[in-house]
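The values are calculated or read from the model by the stated rules, or taken from the named source; none is laboratory data. Only a predicted model underlies this, so the values are computations on that prediction, with no experimental measurement involved. Heads up, the Cβs are rebuilt from the backbone with ideal geometry, glycines too, and the neighbour counts pull from every protein chain shown. Ligands, DNA and RNA are stripped out before the accessible areas are found, and what is left, the full protein with its side chains, is counted by its heavy atoms. Shrake-Rupley method; radii C 1.70, N 1.55, O 1.52, S 1.80 Å.
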Amino acid sequence: MLKPLGDRIVIELVEQEETTASGIVLPDSAKEKPQEGHVVAVGNGKVSDKGERIALDVAEGNRVIFSKYAGTEVKYGGKEYLILRQDDVLAIVE
Amino acid sequence: MLKPLGDRIVIELVEQEETTASGIVLPDSAKEKPQEGHVVAVGNGKVSDKGERIALDVAEGNRVIFSKYAGTEVKYGGKEYLILRQDDVLAIVE
Amino acid sequence: MLKPLGDRIVIELVEQEETTASGIVLPDSAKEKPQEGHVVAVGNGKVSDKGERIALDVAEGNRVIFSKYAGTEVKYGGKEYLILRQDDVLAIVE
Amino acid sequence: MLKPLGDRIVIELVEQEETTASGIVLPDSAKEKPQEGHVVAVGNGKVSDKGERIALDVAEGNRVIFSKYAGTEVKYGGKEYLILRQDDVLAIVE
Amino acid sequence: MLKPLGDRIVIELVEQEETTASGIVLPDSAKEKPQEGHVVAVGNGKVSDKGERIALDVAEGNRVIFSKYAGTEVKYGGKEYLILRQDDVLAIVE
Amino acid sequence: MLKPLGDRIVIELVEQEETTASGIVLPDSAKEKPQEGHVVAVGNGKVSDKGERIALDVAEGNRVIFSKYAGTEVKYGGKEYLILRQDDVLAIVE
Amino acid sequence: MLKPLGDRIVIELVEQEETTASGIVLPDSAKEKPQEGHVVAVGNGKVSDKGERIALDVAEGNRVIFSKYAGTEVKYGGKEYLILRQDDVLAIVE
């Protein structure tokens, strides 16, 4: 299990096979990075200047939209995840 | 529904068909990005160093002017939105 | 009406027709941006780290000098305004 | 009168006609910017994070040395002034 | 023993011999830097603005994933370590 | 007298005539800037966020080593001084 | 004696004569800067926002590893020292 630190969260990417209008399957490098995913783990929050933890606003299971190119890709257990900071999450999709 | 985080807000863009003096409809990439929109959702505010939420000054339904190129475009439910930070809002139009 | 947010203010620009020594009226792009204007609206102030609003030092009606190129130009109701942060105001002219 | 804001001060520049060793009066652009001046107005100080004004250390009438190229030149009432932040003042000359 | 300071931690790198598809062993400079390691020592934490130590979230023995290229490589006692700040640790692998 | 502001100090430079191995006196521009000097005046300290002055650690008469190229050169009363921030002082030589 | 200020420390460098595999002694500029040294003096600590000194974690006599290229080289009494900030110290070697 990946346990993110501080204000970081782990996102599970939904990879979709992409086909252009002309029916050609695009190789990986030509696909736009995903902007949506599911939160699979959240950190314990950052410590404020007052020494208290600030709990995160996102929770496990949330479907979120995040900035393109934000975060770091990590492969773990054969799956690909994205670890990013909560501040890179634009909105929760409800 | 898009639920923005922290000090972010969701703006609904008003797309207008644009025609030049010579009557030619401009393709998307030649149009200037909009500077005005309606607030459709607001975040719960940032947490201050004292650990308290600072509520936003803009509210759902406000018509706002914001910095050109600010924020991130998001397509959701067939519509295009802009998610930006409240600090990118220049003024509320009343 | 334009209601600026936080520490922003709205400035009404005084446009003067400019003529060079040789009598030629300069096109817009050759004119230096104005450095002076009247304050037509002020924000409600920024929220301090202690969670209190810090009221602005400039007020509606003030004539101010501000940094060249500061702020964002906005057209509203057929008039041109400049929205800038109070910190870009150098001095009040009394 | 120019009333500077916050931690800004207004400096009156002492322009001296400059002549090179060969007796040629230098045009404006070749002269080095002045590094010395008299304080003609001071701001009311910045507001600290605690919400209190921090009074300035320089006062009207002080003769000061300041960083070359610091601040913004302003023409007012036919005279040239420099508006700069107190932090750009290196020392008071007593 | 290496005793890291503040919010730094010492990571023991797991070096793997890498062979390309064609069977050629890659020289060091062509190998990608490792992204995973074991924590062998942690600092005593940073001092907060309030003057208190903020203990680290990672502990000796943790297996961690960290940003590629983060930290500084150090050779000590014939082994290679990486010293990085806790903030460069993305997640603990449990 | 030069009275520095805040956390600034005035350093008196010790100029030494420099001769290369071949006996040639180097012109000014080829000499390395001095790294050592005597403190002739100190500021009253910066105001902390709590609104209190933080007295300086260096005092008049101290012989100090400071970062090459730090600070601003000032000519005053026929002598050359360097005004720099205390933070540019590396060490006091005792 | 060199008495560093604030969060700075003085490091005594251990210079080793370096010989390449072919037996050629390398001139100074080709040698890599040392990454290890002994602490010979420590500052009195930085003043926190609360106005209190934060004592350093390193002490005289510590053997430390520090970032390559960190700090400033100083010659004093015929010896070469490095003055750097404690934050550039990666770890104490025990």
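Hey, which of these cross-link pairs are over 30 Å Cα-Cα: A:Lys68/B:Lys79; C:Lys50/C:Lys79; B:Lys68/C:Lys79; A:Lys68/E:Lys68; A:Lys50/F:Lys3? Kindly include the intermediate steps, with their values, before the conclusion.
Working: A:Lys68/B:Lys79 18 Å; C:Lys50/C:Lys79 38 Å; B:Lys68/C:Lys79 18 Å; A:Lys68/E:Lys68 19 Å; A:Lys50/F:Lys3 38 Å.
Violating the 30 Å Cα-Cα cut-off are C:Lys50/C:Lys79; A:Lys50/F:Lys3.
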Original post:
Which ³J(HN,Hα) values, rounded to whole Hz and listed in residue order, are derived for region F:48-54 from phi using the Karplus coefficients 6.51, -1.76 and 1.60 in 6.51 cos²θ - 1.76 cosθ + 1.60 with θ = phi - 60°, glycine and proline given as x?
Top reply: 6, 4, 7, x, 10, 6, 9
Original post:
Quick one: how many Å² of F:Met1 are accessible to a 1.4 Å probe, rounded to 10?
Top reply: 120 Å²
**OP:** Starting from the Cα of E:Glu36, step 7 Å along the direction of its Cβ; do the same at C:Lys75; then give the gap between the two resulting points in nm.
**Re:** 5.9 nm
Original post:
Among chain B residues, which Cβ is nearest the axis of the B-onto-A rotation, and at how many Å?
Top reply: B:Asp49, 6
Subject >> Fraction of alpha-carbon pairs over 15 Å apart in region F:47-89 - percent >> reply: 56 percent
Original post:
Tally Lys and Arg at +1 and Asp and Glu at -1 over the other residues with C-beta under 10 Å from the C-beta of E:Val10: what net charge comes out?
Top reply: 0
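Working with all protein chains in place, sort B:Asp88, G:Asp49 by solvent-accessible area computed with a 1.4 Å probe, largest first.
Values: B:Asp88 45, G:Asp49 75 Å².
My answer, sorted largest first, is G:Asp49, B:Asp88.
Out of the trypsin sites (Lys or Arg not before Pro) in region G:40-94, which ones are loop residues according to DSSP with at most 16 other C-beta atoms within 10 Å? Intermediate results must be reported in sequence, preceding the final value.
Working: sites: G:Lys46, G:Lys50, G:Arg53, G:Arg63, G:Lys68, G:Lys75, G:Lys79, G:Arg85; in loops: G:Lys50, G:Lys68.
Qualifying residues, ordered by number: G:Lys50, G:Lys68.
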Subject >> Per-residue HN-Hα couplings for region B:87-94 [Karplus 6.51, -1.76, 1.60; θ = phi - 60°; Hz; x = Gly/Pro] >> reply: 5, 7, 7, 7, 6, 8, 9, 10
Original post:
What does the accessible area of C:Glu60 come to, in Å² to the nearest 10, when a probe of 1.4 Å is used?
Top reply: 130 Å²
